[in-house]
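Below is one structure, written out as structure tokens, with a few remarks after it.
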Amino acid sequence: MARRLRPVELDFADSAPLRLVFAAEVAAPPKAVYAALADDVAGWSHWFTGVARSAPTHGGKGREVQLTGGTRFTETVLAAEPDTHYAYRVDTTNTPGLRALLEDWRLTPADGGTRLRWMFAADGPAPFRFLLTLARPGLGRAFRDSARALDLRLARA
């Protein structure tokens, strides 16, 4: 059953009780990376670890995402600044314990490629936040694997 989460805005990235930040560099330029994030939402299942299906909604102002384990999200895009910034909040999910979630992607040019930074800002009860903290190494590995897969996908395009 989908539950509605607290509707946070971009400033939640600064005040969230739990913030996990990961970074990687890819060879693709920011324009190509941004297009993969914001314009090719359906393509996420081809490169982002754990995403089984994703689709844009509301003319690109929202997203629906399903993970391989059955977790589902409906999201609202909060920032879509070409080549630099893409962020969205989760509006509904079937994940227990989660109260609020914002994912914030920042892109900066780096040695002919892109430095990609992903912030996972969340709120939930203390046990939920503790479990997410324990999951940090796995989330980091998934992010790095996903960044490599995205880079390979963009190199083939």
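The values are calculated or read from the model by the stated rules, or taken from the named source; none is laboratory data. All values derive from a computational prediction rather than experimental measurement. Positions of Cβ are generated from backbone atoms using ideal geometry, with glycine treated the same way; all protein chains shown enter the neighbour counts. Calculation scope for accessible area: heavy atoms of the full protein, side chains included, ligands and nucleic acids excluded. Shrake-Rupley method; radii C 1.70, N 1.55, O 1.52, S 1.80 Å.
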Q: Work out, step by step, the length gained on full extension between Leu152 and Glu64: first 0.36 nm times the residue separation, then minus their alpha carbon distance; give nm to one decimal.
A: 29.2 nm
Q) Using Cα pairs under 8 angstrom and six or more residues apart, how large is the relative contact order of the chain, in percent? A) 31 percent
Q: Kindly identify the range 20-157 as rounded, prolate or oblate by the Cα gyration tensor criterion: order the square roots of the eigenvalues as a ≥ b ≥ c, call it rounded if a/c is under 1.5, otherwise compare a/b with b/c, prolate if a/b is larger, else oblate.
A: prolate
Q) Short version: ³J(HN,Hα) in whole Hz for each residue of the range 146-155, in order, from phi by Karplus 6.51 cos²θ - 1.76 cosθ + 1.60 (θ = phi - 60°), x for Gly and Pro, what are they? A) 5, 4, 5, 5, 5, 4, 5, 4, 6, 5
Q) Of Thr76, Leu131, Gly59, whose Cα points farthest to the positive end of the dipole of the range 25-153 (charges on the beta-carbon: +1 Lys, Arg; -1 Asp, Glu; origin at the Cα centre)? A) Leu131
Q: Obtain the nm distance between the two label points defined at Ala110 and Ala80 by a simple spin-label model: each point lies 7 Å from its Cα along the Cα-to-C-beta direction.
A: 2.6 nm
Q) Under a 1.4 Å probe, what is the accessible area of the chain per residue, stated in Å²? A) 51 Å²
**Q.** Separation between Cα centres of the range 113-157 and the range 81-100, rounded to whole Å
**A.** 13 Å
Q. Of Asn94, Phe22, Thr49, which is farthest on the positive side of the dipole of the chain, counting Cα position, with +1 on Lys and Arg Cβ, -1 on Asp and Glu Cβ, and the Cα centre as origin?
A. Asn94
Q. Using a probe of 1.4 angstrom, how much of the accessible area of the range 1-143 is carbon and sulfur, in percent?
A. 56 percent
Q | Neighbour net charge for Ala13 - beta-carbon separation under 13 angstrom, K R +1, D E -1 | A | -2
Q. Under a point-charge model restricted to the Cβ atoms of Lys and Arg (+1) and Asp and Glu (-1), what is the dipole moment magnitude of the range 1-129 relative to its Cα centre, in debye to the nearest 20?
A. 480 debye
(Q) Test of understanding: in a Gaussian network model of the chain with alpha carbons linked when under 10 Å, which of Leu116, Leu131, Leu98 would top the mean-square fluctuation ranking? (A) Leu131
Q. Which value in deg cm²/dmol, rounded to the nearest 500, describes the helix-derived mean residue ellipticity at 222 nm for the chain, given -39,500 (n - 2.57) per DSSP H run of n ≥ 4 and division by the residue count?
A. -8000 deg cm²/dmol
